[in-house]
Amino acid sequence: MSADDTPTGTATGTADGDEGVDLADGVDHQVAMVMDLNKCIGCQTCTVACKSLWTEGGGRDYMYWNNVETKPGAGYPRDWEESGGGWQSSDHSERRPGEIPDKEEYGEAWEFNHEEVMYEGSDQPLRPESDPEWGPNWDEDQGAGEHPNSYYFYLPRICNHCTHPSCVEACPRKAIYKREEDGIVLIDQERCRGYRYCVEGCPYKKVYYNAAQKTSEKCIFCYPRIEGEGPDGETFAPACAEDCPPQLRLVGFLDDEAGPVHKLVEEYEVALPLHPEYRTQPNVYYIPPFAPPQHSDDGESIDVERIPRPYLEELFGERVHDALDRIARERDEVDRGGESELLDLLTDTNPARKYRLGVFDDE
């Protein structure tokens, strides 16, 4: 399928046999990911896995197709949540104005004094040779609140491969498109001319401009891995998911009714999109974070949530309250000796069930 006749994703259809799942017009199935924020330890293994596989050099030094940022925090690029993009209304007829972040908002790549410390016997600590003022996750672990009730959590981010991607609509060259077979959003490097309307249009700022190549680039959901193009022809989940030490990511198809992604998003409704008010309908979802209760001045636990619900609502919308309450009820049921398919899905460690990527191969 060429970029010329690929749907923009601004219309919706439904998967066969499932009236509850919206798919972009012309897309057969939609691949999706669920991340459990209660498992993320901020180790950046997913970031390194993506970086070493896709963006090591050639104008990509500043790019992190996968990043893990601390929330509350400014994120990467800095203050991306205030940079605009997305859609004005739910009918996707008019794009919301956006901005292209400055180079400083991403943070420049810098060199460290490895040579001096590791080979020349210097007793100086390892540090950047320049004097950086910002970089990815610069505000790591800072969070918000005051002792003893300060709080933060980690938020891994990749391209959301949205059902209604505003980056696709923004491109005058039709270089960005959704793949028919799985809804992955890709950029045709032959058609792209580096106008950067896509960077401006994406409200999550997950499209990047390569000044060396004069084209835009972005996360490709590791599609060669899920197509089985490895050494032995095996199918693998994206590297960010496979390499994650606490295994917080589930990967599958939103319209696979037997899969954990569908169950968590559509059935139990505990996996939520980030900033649904951008109206792009992301296909990366999050299990919102829990935290221990707050403490009084004398160190006693009190019945006040440490992570304020209003802040989580800013990130995940009004549905976050129902999601958190549902998970809490399921945990209480298990504590009383009962069973919970929901918690079983969230704690499953079997890769065959966590990464359901071959269910539609026979079509």
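Miscellaneous remarks
- Check on residue 89, more than 19 Å from residue 136 (Cβ to Cβ), polar (S, T, N, Q) and surrounded by fewer than 20 Cβ atoms within 10 Å (Cβ to Cβ): yes
- When residue 17 is tested against (1) modelled with pLDDT under 95; (2) closer than 17 Å to residue 161 by Cα, just one condition goes unmet, and that condition is (2).
- Selection count, region 253-292, where residues are at pLDDT below 95 and of a type outside the set (A, V, I, L, M, F, W, C): 1
- Close Cβ contacts (under 9 Å, 6 or more residues apart or on different chains) running from residues in region 133-152 that are more than 16 Å from residue 295 (Cβ to Cβ) and free of Cβ contacts under 8 Å to residues at least 60 places away in the same chain to residues that are charged (D, E, K, R) and surrounded by 15 or more Cβ atoms within 10 Å (Cβ to Cβ) comprise 134/78; 134/105.
- Entry remark, region 305-362: residues being in a helix (DSSP H, G or I) and in contact with a Ser or Thr (Cβ under 6 Å, 6 or more places away or on another chain) number 3 in total.
- In region 140-172, of all residues being out of contact with any Phe, Trp or Tyr (no Cβ under 8 Å at 6 or more places or on another chain), charged (D, E, K, R) and surrounded by fewer than 18 Cβ atoms within 10 Å (Cβ to Cβ), the one that is farthest from residue 49 (Cα to Cα) corresponds to 146.
- Selection count where residues are in a helix (DSSP H, G or I) and either closer than 19 Å to residue 184 by Cα or not hydroxyl-bearing (Ser, Thr, Tyr) (or both), scope region 21-67: 7
- Looking at 67, 113, just one residue is under 23 Å from residue 221 (Cβ atoms) and either under 16 Å from the mean Cα position of the chain (by Cα) or surrounded by fewer than 20 Cβ atoms within 10 Å (Cβ to Cβ) (or both), and that residue is 67.
- Matching residues in region 183-199 - criterion: being more than 22 Å from residue 26 (Cα to Cα) and outside any loop (DSSP other than H, G, I, E, B): 197, 199
The values are calculated or read from the model by the stated rules, or taken from the named source; none is laboratory data. None of the values given here were measured: they were computed from a predicted structure. Every residue, glycine as well, gets a Cβ built from its backbone with ideal geometry; the counts of neighbours run over all protein chains shown.
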